[in-house]
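Take a look at the structure set out below.
Just so it is clear, none of the values below were taken in a lab; they were calculated from the coordinates. What you see is a predicted model; the values in this text were computed from it and never measured. Counting neighbours? That spans all protein chains shown, and the Cβs are built from the backbone with ideal geometry, glycine included.
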Amino acid sequence: MKIKIIICCILLYIVYDYEKNKILQQSITVIPKVIPVIEPILKGPDIEDYTLPYQSYDEIINMVKDWEKNSPLLVETGTYGSSEKGQDNFYFKISNEKKQPQYKTMITACVHGNEPWSTSTIMAYSGYMLSQYGKDDRITKILDSTEVYFIPVISPDTYPFRRMVNGVDPNREFPSPKNPDKKSVNPVQNMRDFFLKIKPNSILSGHTYGRVYLVPWGDSRSPNPNEKDYANIVGHMAKLSDYKWEKASQLYGSLIVGSDCDWYHRNGAFSIVMEFGSHQRKPSENDTETEFERTKEAFLSFVEESVKVNIIADQLIQYYYEPCKIIRYKNYRKIKCR
Ligand SMILES: [Zn+2]
């Protein structure tokens, strides 16, 4: 009997030992090997020269598509419509989407086709920012937190020679409170639709010339509800770039109805016009470089600060046109308002 019990115990132990080893082996094979994944630091492409002379619309698009090919994680290109002559309305966006940027800004040029110096300068901004991503802390921080949209030419059919589109000034083609249902000429209508789809926090509209920033309103002399924000941000930009700044309504001495600056603000964006440079010809390389160096700091400051402004909604604006008269007598001119 004793022997039987001993044999039984031995057998039980052998079975127990076998099962234990089996489980141990299984558990060893189940544990996955942990290999630490070190993500490479994302860096922008080496762009040798971003301050270029005048480029045609196609040259700009091809250049940006090359940037996208080299840096697909930082550059996105696309279209938002087509012109009357069948050209794409082209945009591109620079940002690091992996960081889930919380802000959006739009940098545009050439709603007036005959102002190509604005295009060459904003293209210099984009090339500079892209090439400095992952190298310059400030630029990296901006592109981690903000999607920066660029529209190098809003009116491609008239670029670089003509201001008017179908016989009208495209920058008087935006809806105004007196004409809220306005249908705009093609490039402006497409731009409006794109803007409302993206809903950027801020927008810069590049024009030439005069080295001046314009802020809303153009069509009213009543104060803008974000007056202080404009004074702080654009006042600082003016100092950084040695530009002037004023309300759009002050530029010509008369009110401007239907302009980009007012419409963008009324639709929720901090909105400025930037009148680049000192002429409306095709820019030379030196022109672009001069304007880029002069305004680079102001531009970066715009992108950093403008996106954080809380825009007071257009519906809340008690809007009215002030009846103003321009009184002329010999060389004397005065604007008299109610
Ligand atoms: Zn213009």
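Near Lys247, the amide H atoms lying under 5 Å from its own belong to Val215; only residues 5 or more places off or on other chains count, and H is placed 1.01 Å from N. Legend: ranking of residues Asp181, Asp46 from fewest to most surrounding C-beta atoms inside 10 Å; resulting order Asp181, Asp46. For the cross-link pairs Lys98/Lys135; Lys93/Lys247; Lys135/Lys199, the ones whose C-alpha atoms lie over 21 Å apart are Lys93/Lys247; Lys135/Lys199. Stretching Lys85 away from Asp242 to a fully extended chain increases their span by 52.6 nm, per 0.36 nm per residue minus the current alpha-carbon distance. Among the chymotrypsin sites (Phe, Trp or Tyr not before Pro) in segment 127-197, those placed in a DSSP loop whose Cβ has at most 13 other Cβ atoms within 10 Å are Phe161. With contacts taken as Cα pairs under 8 Å and at least 6 residues apart, segment 57-320 reaches a relative contact order of 22 percent.
A cut-off of 5 Å between modelled amide H atoms, ignoring neighbours fewer than 5 places along the same chain, links Phe276 with His207, Thr208, Arg211.
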